[in-house]
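The structure under discussion appears below in the form of structure tokens.
All of the numbers you see were taken from the coordinates with simple rules; none came from a lab. Owing to the predicted nature of the structure, the values given are computational and were not obtained by experimental measurement. Positions of Cβ are generated from backbone atoms using ideal geometry, with glycine treated the same way; all protein chains shown enter the neighbour counts.
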Amino acid sequence: MVQSKWKERRGKLPVGHGLGVACGFFISGSALPIIWNEYPQTSVHIKLDFDGRVLVTSGASDIGQGSDTMIAMVASEILGISMEKITVVAADTLLTPVDLGSYSSRVTFMVGNAVKMAAENLKEKILQAVSIRKNIEISEIHLYQDSVTSNDGKVNLNWQETVDITTAGVGAISVTGKYISPKLGGNFKGSGAGLSPSYSFGAVIAEVKVDNVTGQYEVLHLWGAHDCGKAINPLAVEGQLEGSWHMGMGQAISEGLRYYKGLILNPNYLDYPVPTSLDTPEMSTNIIESNDPEGPFGAKECGEGALLPAIPAIANAIYNATGVRVNELPITADKVYFGMRNKNNKKQ
């Protein structure tokens with residue numbers, strides 16, 4: 001609101017300009033697996049080998065949202081080692097445990113929790129080994145910056161020395177982590193359908209400029225804010241939010257399939273226009289951090305949910321500029337034009 005100067009500008013803009021706002025919320029994965037069973041919704045394996053390599057395997061698919069990087073970051077944080085020492089193998093059905101898929105904005109929330117558990121299990125084994133070798137209480141030892149140190153300073157091991165102690169006599173160490181949603185809903189059949197262990201919240205303000213003769217319009221600026229819990233990777237979150245708002249804008253202004261007797265009339269990107277970089281307005285991005293008690297380090301969804309308010313924010317801005325309410329997507333210039341003409345005819 002402050003960035004857009006909503007209070008100062010709304011209702012005082014030049015003719016054809018409008019401001020609109022909308023809010024939305026979204027799930028962080030479904031509380032029930034897509035195929036009902038008693039298995040974890042995801043599991044992650046971590047292996048520590050002689051040479052200090054930490055191999056993390058997960059069935060989660062990185063489809064551009066940066067989940068492989070998230071996995072490495074979570075493991076790095078728990079183990080106190082640099083990401084260079086971590087290798088992630090993902091979505092290989094021969095090598096990785098089962099994950100239910102990249103849908104419902106579930107991966108950071110659910111896979112992140114599984115990675116966190118697996119890394120904590122490995123950390124416990126490392127600390128136990130060092131505790132026995134150095135005859136010191138586990139509570140006195142810390143993993144930090146590729147080393148293991150004690151509160152009194154008597155233990156100061158680099159990562160490779162720590163690995164040598166941990167793997168001595170046992171070889172490579174493998175651990176597992178998992179995530180199962182807490183029970184939600186009642187005990188009757190279907191009571192858990194549609195529920196999520198956590199929800200994200202967001203808002204978008206849009207500014208548009210409409211040609212009051214032709215109905216042609218342009219989105220000038222988008223201001224957005226999204227509560228993603230803890231932003232594990234803030235740069236990726238910012239990119240994800242802007243991508244979602246851009247995608248929502250595409251649905252609002254131009255993207256729509258046309259049919260004739262069941263046949264698609266525009267099965268190509270010439271007739272199904274997706275906004276390009278030239279169509280992308282200025283965006284002001286605001287990451288709102290909270291601490292979700294169920295998410296990994298307090299994190300929750302920041303993907304699909306951010307898209308939702310962009311669409312009605314643009315529709316509301318067009319309404320603010322013209323007085324025309326379009327209830328069908330995409331909101332093309334001809335719909336705005338005929339809406340303005342019908343409104344003028346009613347006045348006459």
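Can you tell me what share of the DSSP beta bridges in the chain is antiparallel? A percent to the nearest 5 is fine.
75 percent
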Point to revise | Label corresponding to Cα extents along the principal axes in Å when calculated from the structure given, among [x] 64, 47, 35; [y] 78, 39, 39; [z] 92, 47, 42 | key: [z]
Check your understanding: In degrees from 0 to 90, rounded to the nearest 10, what is the angle of the helix 234-253 Cα long axis to the longest principal axis of the chain?
Key -> 30 degrees
Check your understanding: What's the angle, to the nearest 10 degrees (0 to 90), between helix 333-347's Cα axis and the longest principal axis of the chain?
Key -> 40 degrees
Point to revise | Cα lying deepest toward the dipole's positive end in the chain, options Pro182, Thr149, Val326, charges on Cβ | key: Val326
Review point. Out of region 247-348, which trypsin sites (Lys or Arg not before Pro) are coil in DSSP terms and have no more than 10 other C-beta atoms within 10 Å?
Key: Lys261
Check your understanding: Given +1 on the Cβ of Lys and Arg, -1 on the Cβ of Asp and Glu, and no further charges, what dipole in debye does the chain carry about its Cα centre, rounded to the nearest 20?
Key -> 1560 debye
Exercise for review: Could you tell me which of Ile173, Trp159, Gly64 has its Cα farthest along the dipole of region 62-184 towards the positive end, charges placed at Cβ (Lys, Arg +1; Asp, Glu -1), taken about the Cα centre?
Suggested key: Ile173
Point to revise | Ranked Thr332, Thr167, Thr108, criterion: other C-beta atoms within 10 Å, fewest first | key: Thr332, Thr167, Thr108
Review point. What aspartates and glutamates could a cross-link reach from Lys209, if we take a straight Cα to Cα line under 20 Å and drop same-chain neighbours fewer than 8 places away?
Key: Glu8, Glu218, Glu255, Asp279, Glu282, Glu328, Asp334
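What does the charge dipole of region 42-178 about its Cα centre add up to, to the nearest 20 debye, if the Cβ of each Lys and Arg holds +1 and the Cβ of each Asp and Glu holds -1?
Numbers: 11 positive and 16 negative charges, 52 e Å.
Roughly 240 debye, rounded to the nearest 20.
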Check your understanding: When only C-alpha pairs under 8 Å and at least 6 residues apart count, what is the relative contact order of the chain, in percent?
Key -> 25 percent
Practice item. In a Gaussian network model over the chain where Cα atoms closer than 10 Å are linked, find which of Glu301, Glu137, Glu242 has the largest mean-square fluctuation. Key: Glu137
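Which trypsin sites (Lys or Arg not before Pro) in region 148-193 pass both tests, a DSSP loop state and at most 14 other beta-carbon atoms within 10 Å? Could the numbers behind the result be given before it?
Numbers: sites: Lys154, Lys178, Lys183, Lys189; in loops: Lys154, Lys183, Lys189.
Listed in order of number, the matching sites are Lys154, Lys183, Lys189.
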Point to revise | Footprinting exposure proxy for Leu122, Leu195, Leu127 (fewest neighbouring C-beta atoms within 10 Å first) | key: Leu195, Leu127, Leu122
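I need to check one value: relative contact order of region 42-178, counting alpha carbon pairs closer than 8 Å and at least 6 residues apart, in percent. Before the final figure, lay out the partial values.
Working: 267 pairs, mean separation 47.1, N = 137.
Worked out over region 42-178, it gives 34 percent.
Excluding Gln41 itself, calculate the net charge of residues whose Cβ lies under 10 Å from the Cβ of Gln41, where each Lys or Arg counts +1 and each Asp or Glu counts -1. Each step should come with its number before you reach the end.
On the way: positive: Arg106, Lys178; negative: Asp99.
Its environment carries a net charge of +1.
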Check your understanding: When N is the residue count of region 42-178, what does its C-alpha Rg come to as a fraction of 2.2 N^0.38 Å?
Key -> 1.07
